[in-house]
1. Could you rank the peptides 570-583, 202-215, 48-61 by their average count of other C-beta atoms within 10 Å per residue, with the highest value first?
2. Pull up the cross-link candidates among the lysines for K88, meaning alpha carbon to alpha carbon under 21 Å and not fewer than 8 places away within one chain.
3. With every protein chain present, what is the per residue accessible area of the stretch 622-663 (1.4 Å probe, Å²)?
4. Does the stretch 302-408 come out rounded, prolate or oblate, given a ≥ b ≥ c as the square roots of the eigenvalues of its C-alpha gyration tensor, rounded meaning a/c under 1.5 and, failing that, prolate meaning a/b above b/c?
5. Kirkwood Rh and Cα-based Rg: tell me the resulting Rg over Rh for the stretch 557-663, rounded to two decimals.
6. Cα gyration tensor of the stretch 263-356, axes a ≥ b ≥ c as square roots of the eigenvalues: rounded (a/c below 1.5), prolate (a/b > b/c) or oblate?
7. Just grab the label-to-label distance for L396 and D91, each label 7 Å out from Cα along the Cβ direction, in nm (one decimal).
8. Multiply the residue gap between V366 and T293 by 0.36 nm, knock off their C-alpha separation, and tell me the result in nm, one decimal place.
Amino acid sequence: MTATAPRFGSAPLVRLLLVTTVLLGTVFTVLSGTASAHAALTGSTPEDGAVVATAPKDISLTFSEQVAMGDNSIRVLDPSNKRADAGKIRDLSSGGTVTYGIDLHPGLPDGTYTVAWQAVSADSHPISGAFTFSIGAPSKTTATVPTEEAGGGLVGVLYDIARYISYAGFILLIGGAAFVLGCWPRGASVRPLQRLVVQGWLTLTAATLALLLLRSPYTGSGKLGDAFDLGGLQDVLATKTGAALVSRLLLLGAAALFVAVLFGAYAKRETPRDEEESKERKDLTFGLAVGGTVVAAGIAGTWALAEHASTGIQTGLAMPVDVLHLLAMATWLGGLTALLVALYRAPSIENAAVRRFSRIAFISVVVLAATGLYQSWRQVGSWSALWGTSYGQLLLVKVGLVAVLVGIAWFSRRWTERLGQRAEAGTETGTGQGAGAGAENESKAEAEAATGSETGSGTETAAATTVVGDSERATQLARQKAALASARQKRIRDADPGRIGLRRSVLAEAGVAVVLLAVTTVLTSTEPGRTAEQEAGPTGGTAATAPATEGPVALTLPFDTGGENGEGTVRITLDPGRSGANEMHIYVDDPDGQPLDVPEVKAAFTLTAQQIGPLPITPEHFAPGHWSADAVQIPMPGDWQLQLTIRTSDIDQTTVDKNVKIG
């Protein structure tokens, strides 16, 4: 009989499924966009450290890419730490630039003002920063930068939990369905597998709704109560992340139709009775395979267009690669979970199904390795970023877990081969079809024997029951027989050492996979190593990093301006040495350790990682060789670079720098 290609479209239900999934599957494509880099503050008006003659009407911030901001994302604090802004943020973006502004109160007095901002970049990373400007002239300030961070607190924890649960639901839904359709079609009628896939759908849907509600407080106020603010929800829907979450919900509607067909019409056609039914089953299988692939790719695409893959370099290639990575992960780990459920909960599973999954899992691992290698290069970029950034370190942990998982999978593959060899041996000797099938046949034979023996002795009982019309007793006897046969079948199946070994190795794989999924979730919310290293930038010169201190900072630096009496050392103290207001003293000594009175000393602090600074400091001459500044404002803790300029004559001066950690 010549095989013919299945004629897709002959079944109206399959046709409806494909039309729906194809339409919804295009959502992530039309919504996709690119971004140039991880979001960073590229400019402001007034500029950082600027001194303006008159009070500006507003403050504007320009970013390298689109960011999400709430009503409290920009704060302007006067020298007495009071709000100097009107509180309403305006979107001033135009001509490809991303700019946000906030109005200031009229008639602001002279002094130094602090601008603190927080937002969430297009790839879901929380970002924040602060800078200062002065009206008239710099002054002392008691302004304190807000401690709360975008994406932190209880809302941040709940948001991360929802992200983890959404990944888990995606894996169970896609991987479980792929296991049934590609490895074990008979599993479509097995209740434990049905529950697994349905629970995956419910989990992903609930987590997506939670992410949608939490998005507004996550990017703005940080207050859990704002999750039900309709205005905030409307703002979220206007962002790329909000659109991706809504698209995921639409695609989950199509996934529900897919699941209904898989466990409904497909399961009912498990054993075709004639050629026509066999053809219909092939058509249905083809339709489910195509439709399910489209839906799965669409759901994976909602992650790709809203996270790391949508920003940075080569976004046009990175997003499809990210989709393949997610699908391979779901096929492997979700199929692994489905196999575990089948081994523990299903009455039996054919050895051929286990071997098919083994081959599919191998292909998935190869795809994961290839796509993961590209993603690692794209997100890390250098060996130094691999070892020196949080993203790189987490990536190394993930690679280690994958290696452990592959090692355990090797043992699972060995157990699978043993089951296959036992199946071949059983076929040659005519004793059965392998450990799994042999156990199943043996259990069926015992069940039939038990039924037969009990039937002989129970015929009279059944007849008597019929005579007296005791139908309830007959039903009870039938249930007892079924329970007895099922118990014997399970006992024989569980006694198979090959199946026991496979169970244990697959269970170990699943345990490692749970940890791997947690690391992956954290990794997707961590700033890429390439970006973190670029933002940190080189320290330059011969700058060294001072050790972290919990008290006042004390530094000693040599200098040489090149002129007469141009050599010496400078001693700096910063008290209390933490964010906020500090008192700074600078002592200039000659080579003999005596005070050296120089014409001018200036200082500046720069936080390269957050692109803050330089924050200029003009100390006052206090005594010979002694300069001081009473109110040195450090907006936030971090690794700051201190630049000190010493002038020993009208033409001789030098600038020395050193990195210092401020707590």
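1. In descending order of packing, they fall as 202-215, 570-583, 48-61.
2. K57, K223
3. Averaged over the residues of the stretch 622-663, the accessible area is 42 Å².
4. Prolate is the answer for the stretch 302-408, as a/c is 1.5 or above and a/b outweighs b/c.
5. Using Cα coordinates only, the ratio equals 0.97.
6. Verdict is oblate for the stretch 263-356.
7. Rounded to a tenth, the inter-label distance reads 4.2 nm.
8. Net length gain for the segment: 24.4 nm.
The values are calculated or read from the model by the stated rules, or taken from the named source; none is laboratory data. None of the values given here were measured: they were computed from a predicted structure. Here Cβ is always computed from backbone atoms with ideal geometry, including for glycine, and neighbour counts include all displayed protein chains. Keep in mind that these areas ignore ligands, DNA and RNA; they rest on the heavy atoms of the full protein, side chains included. Shrake-Rupley method; radii C 1.70, N 1.55, O 1.52, S 1.80 Å.
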